[in-house]
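K.L.:
My questions all concern the structure below.
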Amino acid sequence: MEAAVPMTIRIRPTPYPRRGPLELLPAVVDGEVVDPSPPPVPRFAPPTAPPVESGRPERPPRVARAESTEGRRGPRVAILTLREVRPIEDFGGISEAEDALRDALSAAMYRVVLASPRFSKGTFARSGVRRMLGTSRLMYPYRVEHHQPDGEPSDVLLVLARDLPDAATLVGVPDWYELAHRVVVHIGVVTERDLRRYPELVSVLRRRADALFSGSEMPPLGHLRSQRLTTVGVLPPLLDVLAFPVRGEDGERTIDVFAPGATSPAQNELLRQWASQHAGQYQQDIGQLGAITSLDQHRRIFTAMATRSRVFLANHHRFGERKQAGAHREVGSRFYEAMAAGCALVGDLPVGSRQFAEFVAPAGPMQLDPAATGLPGDVAAALQDREHSHRLGTAARVTALRLNDVAHRWRDMAALAGIPGSPGIEERIAWLGELADALTAASGATGSAGDGGRDAAFDGA
């Protein structure tokens with residue numbers, strides 16, 4: 001019996017490459033009839049080709065586009081979110097801010113995801129290993145979901161990160177900066193220690209970002225300026241004030257004191273004694289959330305507890321976030337969350353901070369020293385008198401509506417970075433002002449003075 005002859009498949013060769021610029025493909029095939037028409041005239045000159053990184057081929061240059069595709073709606077904005085590769089806790093506020101900006105700016109949303117399921121198991125699941133792989137460029141542990149490299153980029157790309165370890169994810173994401181012509185990055189907490197720990201991230205930001213903003217006043221970041229990174233400034237964290245539901249004066253605020261962050265032993269003991277003597281409720285932290293696997297659900301639990309509280313205890317960043325804080329007394333994100341929740345604000349206040357004077361002081365916060373041996377008179381009065389704490393909380397909510405929403409932060413960043421304004425942002429700010437006016441009129445509370453808080457955006461040199 002003769003052996004079977006293997007079948008050979010011959011593929012007809014083609015003179016055109018399988019991959020490459022579209023200009024190499026034929027515009028007209030043989031036999032096709034095409035009406036002659038003049039070639040399109042480019043509106044803008046092509047930009048210079050980006051620098052070639054080690055071991056990576058150079059991409060063909062794209063045709064530059066105008067600053068805005070539709071002048072009436074402002075620039076086209078894309079948001080690169082890291083929510084899919086973050087832990088559950090403490091990142092809900094960033095996701096809410098991203099969603100609010102997406103709606104106000106009609107922005108596109110790109111998600112950073114794991115490049116392969118293997119990076120979720122074993123040694124590859126460690127953040128340090130992923131960072132090492134991204135730095136070495138041997139393999140990238142992350143990718144941008146639905147990224148079309150040959151697609152037309154947006155005008156502006158926005159990246160929000162809580163701190164430098166969070167932003168270090170960008171080192172392991174290839175070509176993330178090609179999503180837009182201009183890149184804006186806001187990092188909530190920056191410390192000198194993290195700047196030394198993540199030199200590869202600092203290098204990426206200096207080469208790929210056009211504007212960098214930090215929520216920390218110290219250390220100054222002016223030395224990070226480069227030929228591309230020309231705008232460096234300080235702005236508070238981005239917060240969606242409207243994500244905090246409005247509560248009533250009596251029935252719905254069942255928690256007397258809420259302390260979601262770290263407290264000193266003296267503060268904790270004083271508040272526990274008050275709650276025991278006056279049959280009050282003192283809620284320290286937000287309880288056991290080990291079974292929560294949804295970032296949105298974790299955030300809803302926090303906002304629900306905050307808005308059901310009368311008094312909110314928040315200490316300055318050096319005390320409240322020991323692992324992240326530097327030597328300077330900073331305004332942490334808890335201050336802004338307490339104001340958005342409509343709570344009377346109590347704690348060890350960073351009175352020397354410029355952001356505190358501009359964005360927090362109009363809410364009338366009260367000082368509670370970490371080593372106090374007794375409750376100050378104004379703190380005791382707020383705890384004892386529900387109407388008084390309600391007035392203080394209303395003033396805090398009005399200040400948040402007028403000064404501390406994510407729309408105010410975007411307007412400040414756009415002005416400093418030279419980005420055209422967006423009607424959707426102005427509409428949201430106007431709506432926030434109407435809500436503040438209605439709340440002031442209904443309760444007789446005195447809010448903060450207009451938009452004076454915008455002057456707090458200052459250069460980080």
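The values are calculated or read from the model by the stated rules, or taken from the named source; none is laboratory data. From a predicted model like this one, the values you see are computed outputs, not experimental measurements. Using ideal geometry, Cβ is built from the backbone for each residue, glycine included, and neighbour counts are taken over all protein chains shown. For accessibility, only protein heavy atoms count, side chains too; no ligands or nucleic acids. Shrake-Rupley method; radii C 1.70, N 1.55, O 1.52, S 1.80 Å.
K.L.:
Kindly list, by first and then second residue, each pair from a residue in the stretch 154-167 that is touching a residue at least 40 places away in the same chain (Cβ under 8 Å) to a residue that is open to solvent by less than 10 Å² (accessible area, probe 1.4 Å) and of a type in the set (Ser, Thr, Tyr), limited to pairs with Cβ atoms under 8 Å and residues at least 6 apart or on different chains.
P.N.:
160/81
K.L.:
Under 6 Å between Cβ atoms, at least 6 apart or on separate chains: pull out the pairs that start in the stretch 213-233 with a residue that is among the aliphatic types (A, V, I, L, M) and end on any residue that is in a loop (DSSP other than H, G, I, E, B) and open to solvent by less than 20 Å² (accessible area, probe 1.4 Å).
P.N.:
221/460; 229/209; 232/221; 232/460
K.L.:
Among the residues of the stretch 388-401, which ones are under 13 Å from residue 336 (Cβ atoms) and open to solvent by 10 Å² or more (accessible area, probe 1.4 Å)?
P.N.:
Within the stretch 388-401, just 397 meets the criteria.
K.L.:
Just need a number here: residues in the stretch 174-190 that are surrounded by fewer than 23 Cβ atoms within 10 Å (Cβ to Cβ) and more than 11 Å from residue 157 (Cα to Cα).
P.N.:
So the answer is 2.
K.L.:
Please state which one of 279, 275, 209 is modelled with pLDDT of 90 or more and crowded, with 21+ Cβ neighbours inside 10 Å.
P.N.:
209
K.L.:
Could you please find all residues in the stretch 183-232 being of a type in the set (D, E, K, R) and touching a Leu at 6+ places or on another chain (Cβ under 7 Å)? Working first, answer last.
P.N.:
At the first step, the residues of the stretch 183-232 found to be of a type in the set (D, E, K, R) are 192-194, 196-197, 200, 206-208, 210, 217, 225, 228.
Within the stretch 183-232, 194, 206, 210 qualify.
K.L.:
Sort through 102, 83, 126 and tell me the only one that's modelled with pLDDT of 95 or more and either in contact with a Cys (Cβ under 9 Å, 6 or more places away or on another chain) or open to solvent by 20 Å² or more (accessible area, probe 1.4 Å) (or both).
P.N.:
102
K.L.:
Please state which one of 197, 193 is among the basic types (Lys, Arg), touching a residue at least 60 places away in the same chain (Cβ under 8 Å), out of contact with any helix residue (DSSP H, G or I) (no Cβ under 6 Å at 6 or more places or on another chain) and surrounded by fewer than 22 Cβ atoms within 10 Å (Cβ to Cβ).
P.N.:
Details: 197 fails: touching a residue at least 60 places away in the same chain (Cβ under 8 Å).
The unique qualifying residue is 193.
K.L.:
Inside the stretch 348-382, can you point out the residues that are open to solvent by less than 20 Å² (accessible area, probe 1.4 Å) and touching a Lys or Arg at 6+ places or on another chain (Cβ under 8 Å)?
P.N.:
Once the filter is applied, which keeps residues that are open to solvent by less than 20 Å² (accessible area, probe 1.4 Å) and touching a Lys or Arg at 6+ places or on another chain (Cβ under 8 Å), the stretch 348-382 yields 350, 353, 382.
K.L.:
When only residues in the stretch 297-318 that are open to solvent by 20 Å² or more (accessible area, probe 1.4 Å) and farther than 24 Å from residue 167 by Cβ count, which is modelled with the lowest pLDDT?
P.N.:
The residue in question is 297.
K.L.:
Answer with yes or no whether residue 446 is modelled with pLDDT under 95 and surrounded by 13 or more Cβ atoms within 10 Å (Cβ to Cβ).
P.N.:
Yes, satisfied.
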